[in-house]
1. Report Rg/Rh for the range 411-479, rounded to two decimals, where Rg is the Cα radius of gyration and Rh the Kirkwood radius.
2. What ranking do 253-260, 218-225 get when scored by the average of other Cβ atoms within 10 Å per residue, highest first?
3. Mind checking the full-extension length gain between residue 566 and residue 124? Use 0.36 nm per residue of separation minus the Cα-Cα distance, one decimal, nm.
4. Run the numbers for residue 35 and residue 103: contour at 0.36 nm per residue of separation, minus the present Cα-Cα distance, in nm.
5. Does the chain classify as rounded, prolate or oblate by the C-alpha gyration tensor (a ≥ b ≥ c root eigenvalues; a/c under 1.5 gives rounded; else a/b over b/c gives prolate, otherwise oblate)?
6. To the nearest 0.05, what FRET efficiency results for residue 24 and residue 420 with a Förster distance of 56 Å applied to their C-beta separation?
7. Let me know the shape class of the range 223-289, please: from the alpha-carbon gyration tensor, a ≥ b ≥ c as square roots of the eigenvalues, rounded when a/c is under 1.5, otherwise prolate if a/b is greater than b/c, or oblate.
8. Would you please classify the overall shape of the range 301-433 from the alpha carbon gyration tensor, given that a ≥ b ≥ c denote the square roots of the eigenvalues, rounded means a/c under 1.5, and beyond that prolate means a/b larger than b/c while oblate covers the rest?
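Every read-out reported here was derived from the displayed coordinates using simple, explicitly stated rules and does not represent laboratory data. Everything numeric in this text was worked out from a predicted model, so none of it was measured. Heads up, the Cβs are rebuilt from the backbone with ideal geometry, glycines too, and the neighbour counts pull from every protein chain shown.
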Ligand code: PEP
Ligand code: MG
């Protein structure tokens, strides 16, 4: 008797690549490798080390081959994601450590690889930052491939797919994804993965809708089930009803048209209905991301997060290595400017680098500029590298997590010292390089006027500003529902910052996530004149489209009304009512989602 099909189930996940895909499921059969610890004699050690090295080499060759074959599928700027993965096969964190493990513990190659990786995972297990979690997953994917080579067990591959399908898998590596042909793979769903997953970035580049982090999806779905991947709300519908099917098919077609329109309009000016000219910029983590950002319509880089330079390599990058990267930024983004933010390490960003023990309160601890003052050599080298790069384009410096005028003055005096030294050494730099601060600590917001004489610009970091204003750990799942951008105190603080900056004639921008959501962007532009709004580059076309449909004068009048409201629920209702008439069907806002305002704010 045929098994009865499960119908009408819905599962939730995280949108890794937007869009809607409808098709039949193909459940990819990857398996867990169960390994047993085999002890070896000392004479066996060199043979196991040779086995390990040759498995690494075979894996590397396979990956290089895949990367070469994928280039034709992928946008040029995407293949950079694959090469660092290949480089991981040279990383001593794994290679040298595995060899030592075989020698010291007298175990076979398979066990040594697994054990070395497990120890790495244990060391990093408290890290909340999604970017770092993702890098750990990259390691995991590569290790899995080495183990497959060592054990000779190959799992199911996408090559066996004949008809167009929706792939359902526990996990997919960026390599698996890069091989996907859009004729055969309509969309995919995985059980693991987060927003910043490289697998998702590649899927977006191939324009394959994807939802990741869907718990137990491989057990909920059977081969040939009818599936809808809703990469707009982050849902997966398993065997949907006929009405749902028709409804989503209509949405899918609309979406395709909408995306095409957005792409077509990416180069247009961001001008509102009442002729206010706005400028949208991109937040990036590598010089490799800049050309894609410019293609999406970015007029510069509003936030270059340098901390990722410090975790990609094996050791801290020195002045020269940083200089080369910042120089590339300056040259690639020209004629636009790029704001390079000095190190924002600490908090949830790689605390293990400088502490064996986790801090009791990392978000309030030795983070960002505080860490830089404690590690002066590191800070000075970074400032010198940025100054040297400023000779090659419009580079600006921004300090994170400033909380007092004294800190700002101290940072500026260290910068002045670096300038004097470069002058003495006859090394060119831009003497008028602009310097700004992140406004993300409430103390700065309250007395912002006092900072005006020491800076050329302000940039509001809404992510941290909300965290510190509301005393909500931004990475803590259990209090996530209290992280509330529409809280009256948040709106009031933002309004005060923007108005004070305007009054003191200091250009002010926004680089936190609020700027990437159309409904929040409406509030921000209604609060006063913004120099730039900077966001993840894929959000630029949709925010541009939205801002071209609104009037700043109307937004300002609405903001005035909302600032008088004391309840999130009322602010939200009013905002939706005012914005809905100008909101295109395809635009997504978290304010509109069904899950908005869980808990106390509902
Ligand atoms: C912010 O805090 O809003 C911000 C943009 O910086 P980060 O997310 O890197 O802390
Ligand atoms: Mg911040």
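1. Answer for the range 411-479: 1.16.
2. 218-225, 253-260
3. Full extension of this stretch gives 155.0 nm more.
4. Working it through step by step, the gained length comes to 22.6 nm.
5. Oblate is the answer for the chain, as a/c is 1.5 or above yet b/c matches or exceeds a/b.
6. It comes out at approximately 0.25.
7. Note, shape of the range 223-289 comes out prolate.
8. Details: a/c = 1.79, a/b = 1.51, b/c = 1.19.
Judged from the Cα gyration tensor, the range 301-433 comes out prolate (a/c at least 1.5, a/b above b/c).
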